[in-house]
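The values are calculated or read from the model by the stated rules, or taken from the named source; none is laboratory data. If you're wondering where the values come from, they're calculated on a predicted model, not measured in any experiment. Quick reminder, even Gly has a Cβ in these numbers, built from the backbone with ideal geometry, and neighbours come from all protein chains shown. Remember, those area values only see protein heavy atoms, side chains included, never the ligands or the DNA or RNA. Shrake-Rupley method; radii C 1.70, N 1.55, O 1.52, S 1.80 Å.
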Amino acid sequence: TGVGKSELVNALAGAEVVSTGRARPTTLRPTLVCRPDLTPAMLGIPTESVEVEKRDLPSLANLVLIDCPDPDTTEAQQSPGTNLARLRQVLPHCDVLLVVSTQQKYRSARVAEELAAAASGARLVFVQTHADQDQDVREDWRAMLLPHYDPGHIFLVDSPAALADAQSGREPRGEFAGLA
């Protein structure tokens, strides 16, 4: 919660497609962001598992984004209606999972457990957000991940700056350019 997942989705879309804010948690249900001609069912995703945000954006021509709530959520029940249950329905349909964290939260064991359970076959891409305000912890994060994953390059991005660039018509730059 609060690592900038939704801000990163907006930056990748190049527009404000999902809500961001200071209230935690901000994302209450998985939100599928896609072009107008797609449906969750066409992607194999149960319709009841996601909210849908359809946008006609150039960035979505060959891309579908899903803004997910934090898998470290502390819901009391493990019923089909919980966000954790929804995530477990959605994640197996994803080709690439962006694992987003910050300097303060990158050591969450719960996130690693959920990835191991739900992400078999998906490519994992690790992103440290809040590049404008946090220290770079990518080497420590890499050391923590190596026993379980091959993290490859861990991106350090400033999502609000990347979104501002997109909205101003500027090309992506820095680490965000590589991620995009």
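Before moving on, here are some points about what is shown:
- One residue stands out in the stretch 52-90 among those that are closer than 27 Å to Y106 by Cβ and acidic (D, E): the one that is modelled with the lowest pLDDT, namely E75.
- Matching residues in the stretch 27-45 - criterion: being of a type outside the set (D, E, K, R), open to solvent by 40 Å² or more (accessible area, probe 1.4 Å), without any contact (Cβ under 8 Å) to a residue 24 or more places away in the chain and more than 18 Å from A15 (Cα to Cα): T39, A41, M42
- For first residues located in the stretch 122-150 and free of Cβ contacts under 8 Å to residues at least 60 places away in the same chain and more than 12 Å from V99 (Cβ to Cβ), partners that are in a strand (DSSP E or B) and hydrophobic (A, V, I, L, M, F, W, C) and lie 6+ apart or on another chain with Cβ distances below 6 Å form the pairs A131/L156; D136/L156.
- Look at (1) more than 12 Å from the chain's Cα centre (by Cα); (2) among the β-branched types (V, I, T); (3) within 21 Å of D95 (Cα to Cα); (4) buried (at least 16 other Cβ atoms within 10 Å of the Cβ) and you find that T20 fails only one, number (3).
- The condition of being acidic (D, E) and more than 17 Å from the chain's Cα centre (by Cα) holds for only one of D134, D158, that being D134.
- Selection from the stretch 134-154 of residues that are open to solvent by less than 60 Å² (accessible area, probe 1.4 Å), part of a loop (DSSP other than H, G, I, E, B) and within 27 Å of R173 (Cβ to Cβ): D134, V137, P151, G152, I154
- Counting the residues of the stretch 106-133 that are modelled with pLDDT of 85 or more and buried (at least 18 other Cβ atoms within 10 Å of the Cβ) gives 7.
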